[in-house]
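For reference, the structure discussed in these notes is given below.
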Amino acid sequence: MNERKNAILLFSKPPLPGLVKTRLSRLKDGIFSPEVAAHLYHCLFFDVVEICCDALSDLESVQEAALAQKDIALEDTAQAELVSGSLVDTYDIFISTTPIENVAVMQKCFDDSGIWPRKLTIIHDEGSNFDEHYNDSFRQVFDLGYETILSMGGDMPSLPKSVIIEGFE
């Protein structure tokens with residue numbers, strides 16, 4: 001079976017006070033304490049990750065049903081072997097953060113939250129500006145053999161999972 005690797009690449013800082021949503025906090029011109037702002041971001045970010053997990057699960061379910069339907073329709077053994085050589089899409093989620101020390105902090109946030117429905121790979125990006133950080137993350141994922149990458153920030157909880165599904169379709 002041929003595999004086409006697809007990834008979602010989320011960009012995020014760990015949801016820590018003073019590190020995220022500072023414009024909403026009293027550290028800038030906001031009304032929230034840094035702790036409340038960080039908790040808000042934690043909720044937003046984890047909602048996005050859950051939406052991504054749900055969308056990828058839906059994509060995999062549709063693909064599994066289509067492959068099962070092909071298997072049912074084939075009666076000849078030779079034809080069944082051809083189907084087993086079909087292109088199968090796989091999907092993974094990467095979370096990119098910086099600096100490298102934040103990888104362990106981010107991993108602990110997810111570990112402390114419980115069990116996730118799929119593996120989440122946390123990487124760190126490097127660079128001297130936004131473009132270099134962004135490009136470094138993409139390069140790392142492409143170097144792992146992924147052909148398609150959908151990218152987004154971590155604070156878009158109103159993102160419908162249908163947009164993610166359409167992005168991969």
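The values are calculated or read from the model by the stated rules, or taken from the named source; none is laboratory data. A quick note: this is a predicted structure, and the numbers were derived from the prediction, not measured. With ideal geometry, Cβ positions are generated from the backbone for all residues, glycine too; neighbour counts draw on all protein chains shown. For accessibility, only protein heavy atoms count, side chains too; no ligands or nucleic acids. Shrake-Rupley method; radii C 1.70, N 1.55, O 1.52, S 1.80 Å.
Which of the numbered conditions does PRO15 fail, given that it passes all the others? Conditions: (1) open to solvent by less than 60 Å² (accessible area, probe 1.4 Å); (2) within 29 Å of VAL141 (Cβ to Cβ); (3) of a type outside the set (S, T, N, Q); (4) assigned to a helix (DSSP H, G or I).
(4)
Inspect all residues belonging to region 63-84 and state whether any of them is modelled with pLDDT of 60 or more, of a type in the set (Asp, Glu) and open to solvent by less than 80 Å² (accessible area, probe 1.4 Å). If you could, list the steps in order and put the result at the bottom.
First, pick out the residues of region 63-84 that are modelled with pLDDT of 60 or more: 63-71.
Within this subset, residues satisfying the condition of being of a type in the set (Asp, Glu) are 64, 71.
Narrowing further to those that are open to solvent by less than 80 Å² (accessible area, probe 1.4 Å): none.
There is no residue in region 63-84 that is modelled with pLDDT of 60 or more, of a type in the set (Asp, Glu) and open to solvent by less than 80 Å² (accessible area, probe 1.4 Å).
List the residue pairs whose Cβ atoms are under 7 Å apart, where the first residue sits in region 97-111 and is within 16 Å of VAL20 (Cβ to Cβ), the second is surrounded by fewer than 19 Cβ atoms within 10 Å (Cβ to Cβ) and aromatic (Phe, Trp, Tyr), and the two are 6 or more positions apart or on different chains.
PHE110/TRP116
Looking only at region 111-146, how many residues end up being in contact with a helix residue (DSSP H, G or I) (Cβ under 8 Å, 6 or more places away or on another chain) and not β-branched (Val, Ile, Thr)?
9
In this structure, does LEU19 turn out to be free of Cβ contacts under 8 Å to residues at least 60 places away in the same chain and closer than 25 Å to ASP131 by Cα?
yes
I'd like the residue in region 109-132 that is outside any loop (DSSP other than H, G, I, E, B) and in contact with a strand residue (DSSP E or B) (Cβ under 8 Å, 6 or more places away or on another chain) and, out of all such residues, is least open to solvent (accessible area, probe 1.4 Å).
Step one: of region 109-132, the residues outside any loop (DSSP other than H, G, I, E, B) are 109-113, 120-124, 130-132.
Next, from what is left, pick out any that are in contact with a strand residue (DSSP E or B) (Cβ under 8 Å, 6 or more places away or on another chain): 110, 120-124.
Working: PHE110: 7, LEU120: 26, THR121: 36, ILE122: 24, ILE123: 22, HIS124: 42 Å².
Out of the qualifying residues, it is PHE110.
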